[in-house]
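So the structure is just underneath, and the comments pick up after that.
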Amino acid sequence: MAKICVPVCVRHSDEMRDAIAAAVRVADIVELRADCLVDPQATAAFLHESAHTIKRSLIVTMRSPEQGGRAQIDYKARRRFWSSLKKLPADSLIDLESDLVSEYSTRESSGDMPVDWGRVICSHHDFTRVPDDLEKIFERMAATAAGIIKIAVQADDATDCLPIFKLLERAQVEGREMIAIAMGDAGVMTRILGPSRGSFLTYGSLEEERGTAPGQLTTRDLREVFRIDHIDLDTRVFGIMGHPVRHSLSPRIHNAAFAAVGINAVYIPFAVQDALEFTRLMVHPKTRALDWKLDGLSVTAPHKSIVMQALDWIDTTAMEIGAVNTIVAQDDQLRGYNTDAAGFIAPLRNRLGPLRKVRCAIIGAGGAARACSWALSEQGADVTILARDINKGESLADRFGVKCRELSGGAYDDFDVVVNTTPIGMRGELENATPAIAEQLRGVRLAYDLVYNPIETRFIREARAAGCEVLGGIEMLLAQAVEQFELWTGSKPDIEVMRAAALRGLSS
């Protein structure tokens, strides 16, 4: 079982009891962040009065500002704090930065605070990068008497996780207990896979907005979405490669599907900036530098075209579209597929039947428009691309032998189907925008929005007001995910399990 530590970071001492009680309900270990308190010295009184009521192992931390602490305290104040903690619960741990570990390890300095070194976490944090001398930092910390070493560094690309996994391997070989974490969205895989690869614990917050470090997942997501307690070295690894990917629904969809059929697998968001380097160092069976059972990937923006250079074989559909959204690692090869086209067309055919000569307008000329144009052309539809950038639109239209015209504010009543392939309407800054209003959509039979978050976009609402049938992006998302699951596992998933997981994600 993976051990999850929930940090408690509150401003006032009278909040600690309730915050710790909430953490205890979901945590294996509770970390009390004294540096978050307005009066850190209140920690000693609280522990004296209430430590016996905390039914979990406890880590007491006073983080320095240089190491990510919340309080503006100097070295002397940190030292006074630790000297005030004369007695801690028997199973508690203390987190000391390496400067204090060095001081307290000298015989002269430890008189005011007897140290049980087996209960000390010697920690080092770098919130800017992965240091070039990471191995030397580990060696210095390993030379201390501290029972546990903790190293947390900032990852800017998923490949920055490699040195963290290497440190965990080294710590196991050398018999050292270690916590190793890559922070930031690019480091999420270390938080999910770390315990199965030897990390003493991983950190999880009670709520997303209450995380105490970049990239920290919630305890609920660690247990319920990623099923961290079931991950071991035999777990097959899948994931989504893109940038950004933190709020993708795909991990919820695929992990729920794996759980439903009892497959020992986990699906992880990989925040990747350099797709070719990530593929070489972590994905391709012949060149990967990490010993793990990575068997497949989803690929999203902006990597669907560039990643094709790193593949050994590409499906005809993907080649014609010019984009890969699914990779299968098989027989020491990487094989590329495109399930976007099938995922897009299936809900449309289910709703309208044969699409031959159906007049379809595609709003946008980006990556999604490529798959839609190809799929509709294959079905014999009459396709027109509507683009603000007419040169980009004409280039796409020429590729697939379809028509193109400039996107304007005119009516769409000469089309049967209007498809929004742009991000307009997506949750966030674009949420209240729409590529078309009801007045423009009157006379259109069906409006199809590829945006799936929110479930009902303004475009969908305008289309309903115009009397159109509607399809939301969740249908394409699920349909293409079904195709991916079959490519990876050889079995068909329960789409209703996937749907329920996606809807939970959208409502959370």
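Out of (1) within 37 Å of the chain's Cα centre (by Cα); (2) open to solvent by less than 60 Å² (accessible area, probe 1.4 Å), what's the single condition that is false for S395?
Going through (1) within 37 Å of the chain's Cα centre (by Cα); (2) open to solvent by less than 60 Å² (accessible area, probe 1.4 Å) one by one, S395 breaks only (2).
Name the single residue that is surrounded by the most Cβ atoms within 10 Å (Cβ to Cβ) among those in segment 416-449 being more than 28 Å from N350 (Cβ to Cβ) and not hydrophobic (A, V, I, L, M, F, W, C).
Within segment 416-449, the match that is surrounded by the most Cβ atoms within 10 Å (Cβ to Cβ) is E439.
Return a yes/no flag: does segment 458-467 have any residue that is among the aliphatic types (A, V, I, L, M) and within 19 Å of S298 (Cα to Cα).
At the first step, the residues of segment 458-467 found to be among the aliphatic types (A, V, I, L, M) are 460, 463, 465-466.
With the extra rule that they be within 19 Å of S298 (Cα to Cα), the set shrinks to none.
Among the residues of segment 458-467, not one is among the aliphatic types (A, V, I, L, M) and within 19 Å of S298 (Cα to Cα), which makes the answer no.
Do any residues in segment 53-64 that are over 14 Å from C36 (Cα atoms) and modelled with pLDDT under 95 have Cβ atoms under 6 Å from those of residues that are open to solvent by less than 10 Å² (accessible area, probe 1.4 Å) and polar (S, T, N, Q), where the two are at least six apart or on different chains, and which pairs are they?
What qualifies is L58/S92.
Determine, yes or no, whether D413 is buried (at least 17 other Cβ atoms within 10 Å of the Cβ) and of a type in the set (D, E, K, R).
no
Being touching a residue at least 24 places away in the same chain (Cβ under 8 Å), open to solvent by 10 Å² or more (accessible area, probe 1.4 Å) and not aromatic (F, W, Y) is true for just one of A361, A342, A375, A371. Which residue is that?
Answer to the selection: A342.
Count, please, the residues in segment 43-69 that happen to be open to solvent by less than 30 Å² (accessible area, probe 1.4 Å), within 21 Å of A27 (Cα to Cα), touching a strand residue (DSSP E or B) at 6+ places or on another chain (Cβ under 6 Å) and not β-branched (V, I, T).
1
Can you spot a residue in segment 108-127 that is open to solvent by 20 Å² or more (accessible area, probe 1.4 Å), part of a loop (DSSP other than H, G, I, E, B), in contact (Cβ under 8 Å) with a residue 60 or more places away in the chain and within 30 Å of L294 (Cβ to Cβ)? Steps first, please.
Of the residues in segment 108-127, the ones open to solvent by 20 Å² or more (accessible area, probe 1.4 Å) are 108-112, 114-119, 124, 126-127.
Adding the requirement that they be part of a loop (DSSP other than H, G, I, E, B) leaves 108-109, 114-116, 127.
Now drop any that are not in contact (Cβ under 8 Å) with a residue 60 or more places away in the chain, which leaves 127.
Filter once more, so that each one left must be within 30 Å of L294 (Cβ to Cβ): 127.
Taking every residue of segment 108-127 in turn, at least one turns out to be open to solvent by 20 Å² or more (accessible area, probe 1.4 Å), part of a loop (DSSP other than H, G, I, E, B), in contact (Cβ under 8 Å) with a residue 60 or more places away in the chain and within 30 Å of L294 (Cβ to Cβ).
Considering only segment 141-232, give the strands (runs of 3 or more DSSP E) lying wholly within it that have at least 1 residues that are acidic (D, E) and under 22 Å from A27 (Cα atoms).
Values: elements: 148-154, 177-183, 202-205.
Where strands (runs of 3 or more DSSP E) fall fully within segment 141-232 and carry at least 1 residues being acidic (D, E) and under 22 Å from A27 (Cα atoms), they are 177-183.
In the list D132, D91, which residue meets the criterion of being out of contact with any Pro (no Cβ under 7 Å at 6 or more places or on another chain), free of Cβ contacts under 8 Å to residues at least 24 places away in the same chain, surrounded by fewer than 16 Cβ atoms within 10 Å (Cβ to Cβ) and not β-branched (V, I, T)?
On the way: D91 fails: free of Cβ contacts under 8 Å to residues at least 24 places away in the same chain.
Result: D132 is the single residue among D132, D91 that is out of contact with any Pro (no Cβ under 7 Å at 6 or more places or on another chain), free of Cβ contacts under 8 Å to residues at least 24 places away in the same chain, surrounded by fewer than 16 Cβ atoms within 10 Å (Cβ to Cβ) and not β-branched (V, I, T).
Provide a single number: the residues in segment 293-318 that are crowded, with 23+ Cβ neighbours inside 10 Å and either of a type in the set (A, V, I, L, M) or farther than 18 Å from H243 by Cβ (or both).
5
The values are calculated or read from the model by the stated rules, or taken from the named source; none is laboratory data. Owing to the predicted nature of the structure, the values given are computational and were not obtained by experimental measurement. Glycine gets a Cβ as well: all are built from the backbone with ideal geometry, and neighbour counts include every protein chain shown. Ligands, DNA and RNA are stripped out before the accessible areas are found, and what is left, the full protein with its side chains, is counted by its heavy atoms. Shrake-Rupley method; radii C 1.70, N 1.55, O 1.52, S 1.80 Å.
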